[in-house]
Amino acid sequence: MTRHFLALHDYTKNELDEMLALAADLKRKQQERIPHRLLDGKTVALIFEKASTRTRVSFEVGVFQLGGHGLFMSSGTSQMGRGEPIKDSARVMSRYCDGVMIRTFGQEIVDEFARYSDIPVINGLTDLFHPCQIMADLQTVIERKNSYAGLTFAWVGDGNNMANTWIEAAAIFGFALRLACPAGYEPDQNVMAWAQATAPGLISLTTDPRVAVAGADVVNTDVWASMGQEAEQKEREKAFAGYCLDDALLSLAKPDCIVLHCLPAHRGEEISDSVIEGKHSVVWDEAENRLHIQKAIMATLIK
């Protein structure tokens, strides 16, 4: 049976831990210049319906380092962008390639593609979930804190795909998560309900960023307006007043806390320049780890 990587809840904690361990090993091998051509002769289609920097570069470089070939496809230059049914594209790509990564809008797009695909499908981002990013974040936490176990994580900002995936991660891995989101910008209700039923008492939601950040080991934020929400920018700036992760807010966290941001960052909005450039920031390690965890995911799925 073909295994896909569409959301964290499709996997057990042990399976995800194995991917994190493999990512650490692949990072070590790259640093020591040890070949790891686990996708030798394989081709991975990289389908983008949303603009990208880190996702495109990390996947293309990752496939190359694993000995495979990454085939970049944008919606503007493929039949998917002209209305070809998703199931038709999935069936055709299954005949050509060994795996597919999709960065798109609705979660239903990757779900349907996977339903008709005979090759592994990886969710590079949807409006609902961003599992590759959260796995890279957890790899970074493990590097800096030795483990995620027993830590308290804080999320400050929009209840977006990142927040939703952090909620899934907290329930699966068993760590405490406190989210601070303005009224009307809460995470997905179904995701929250699933997580609270799966791991009662671990996840809390507030409208006060200070409550979320107080005593936290890991503090995380994201842009206030994600791709596709640019028209709401001014409205969101008003709603998110007081949600900037600045020095004053960060001072409430533990003295040895680390700060995550998936990038791109709007400095002066969701995070201050002093925080993202400061001693607590591990943002650049986090960005690098997209490469390593995605290599691990592809190596696990694509045979």
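The values are calculated or read from the model by the stated rules, or taken from the named source; none is laboratory data. Everything numeric in this text was worked out from a predicted model, so none of it was measured. Cβ sites come from the backbone with ideal geometry, for glycine too, and all protein chains shown count toward neighbours.
Grab the strands (runs of 3 or more DSSP E) fully contained in the stretch 55-166, keeping just those with 3 or more residues being at pLDDT 95 or above and closer than 18 Å to Val219 by Cα. Don't jump to the end; show me each part of the working.
On the way: elements: 69-74, 99-103, 121-125, 152-156.
Passing ranges, in order: 152-156.
Given the criterion farther than 30 Å from Leu6 by Cα, of a type in the set (Gly, Ala, Ser) and out of contact with any strand residue (DSSP E or B) (no Cβ under 8 Å at 6 or more places or on another chain), identify the matching residue among Ala225, Ala241. Write out each step before concluding.
On the way: Ala225 fails: farther than 30 Å from Leu6 by Cα.
Of the residues listed, the single one that is farther than 30 Å from Leu6 by Cα, of a type in the set (Gly, Ala, Ser) and out of contact with any strand residue (DSSP E or B) (no Cβ under 8 Å at 6 or more places or on another chain) is Ala241.
So, of the residues in the stretch 1-51 that are among the small types (Gly, Ala, Ser) and exposed (fewer than 13 other Cβ atoms within 10 Å of the Cβ), which turns out to be nearest to Ala163 (Cα to Cα)?
Residues of the stretch 1-51 that are among the small types (Gly, Ala, Ser), as a first pass: 7, 21, 23-24, 41, 45, 51.
From what's left, exposed (fewer than 13 other Cβ atoms within 10 Å of the Cβ): 41, 51.
Working: Gly41: 37, Ala51: 20 Å.
Step by step, filter the stretch 1-51, then rank; the result is Ala51.
Can you tell me which residues in the stretch 171-185 are buried (at least 24 other Cβ atoms within 10 Å of the Cβ) and not in a strand (DSSP E or B)?
Ala171
I'd like to verify a number: residues in the stretch 203-256 that are among the small types (Gly, Ala, Ser) and surrounded by 23 or more Cβ atoms within 10 Å (Cβ to Cβ), how many? Please lay out each step first, then the result.
Narrowing the stretch 203-256 to residues among the small types (Gly, Ala, Ser): 204, 212, 214-216, 225-226, 228, 231, 239, 241-242, 248, 251, 253.
Filter once more, so that each one left must be surrounded by 23 or more Cβ atoms within 10 Å (Cβ to Cβ): 212, 216.
Selection size over the stretch 203-256: 2.
Polar (S, T, N, Q), closer than 21 Å to Leu263 by Cα, in a strand (DSSP E or B) and out of contact with any Lys or Arg (no Cβ under 7 Å at 6 or more places or on another chain): is that true of Asn220 in this structure? Reasoning before the result, please.
Working: polar (S, T, N, Q): yes; closer than 21 Å to Leu263 by Cα: yes; in a strand (DSSP E or B): yes; out of contact with any Lys or Arg (no Cβ under 7 Å at 6 or more places or on another chain): yes.
Considered against the rule, which asks whether it is polar (S, T, N, Q), closer than 21 Å to Leu263 by Cα, in a strand (DSSP E or B) and out of contact with any Lys or Arg (no Cβ under 7 Å at 6 or more places or on another chain), Asn220 comes out as yes.
If you go through the stretch 231-282 one residue at a time, how many are of a type in the set (Lys, Arg), in contact with an Asp or Glu (Cβ under 8 Å, 6 or more places away or on another chain) and part of a helix (DSSP H, G or I)?
Within the stretch 231-282, the first condition is being of a type in the set (Lys, Arg), and the residues that meet it are 234, 236, 238, 254, 267, 279.
With in contact with an Asp or Glu (Cβ under 8 Å, 6 or more places away or on another chain) added as a condition, the list becomes 236, 254, 267.
After this cut, where a residue has to be part of a helix (DSSP H, G or I) as well, the list is 236.
Going through the stretch 231-282 one residue at a time, the tally reaches 1.
Table: residues versus (1) more than 29 Å from Thr2 (Cβ to Cβ); (2) surrounded by fewer than 21 Cβ atoms within 10 Å (Cβ to Cβ); (3) in contact with a His (Cβ under 7 Å, 6 or more places away or on another chain).
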{"site": "Phe113", "(1), (2), (3)": "no, no, no"}
{"site": "Val121", "(1), (2), (3)": "no, no, yes"}
{"site": "Asp127", "(1), (2), (3)": "no, yes, no"}
{"site": "Gln133", "(1), (2), (3)": "no, no, no"}
{"site": "Val141", "(1), (2), (3)": "yes, no, no"}
{"site": "Lys145", "(1), (2), (3)": "yes, yes, no"}
{"site": "Ala154", "(1), (2), (3)": "yes, no, no"}
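Testing Ile293 on (1) under 22 Å from the mean Cα position of the chain (by Cα); (2) assigned by TED's automatic domain parsing to the domain that holds Glu168; (3) in a helix (DSSP H, G or I), one condition comes back false. Which one is that?
Result: Ile293 fails condition (2) only.
Out of the residues in the stretch 276-303 that are touching a Cys at 6+ places or on another chain (Cβ under 9 Å) and of a type outside the set (S, T, N, Q), which is nearest to Ala248 (Cα to Cα)? Walk me through how you get there before you give the answer.
First pass over the stretch 276-303, keeping only residues touching a Cys at 6+ places or on another chain (Cβ under 9 Å): 280, 283, 286-287, 290, 293-294, 297.
When the remaining residues are screened for being of a type outside the set (S, T, N, Q), the result is 280, 283, 286-287, 290, 293, 297.
Working: His280: 13, Val283: 19, Glu286: 23, Ala287: 25, Arg290: 29, Ile293: 33, Ile297: 38 Å.
Residue satisfying both the conditions and the ranking: His280.
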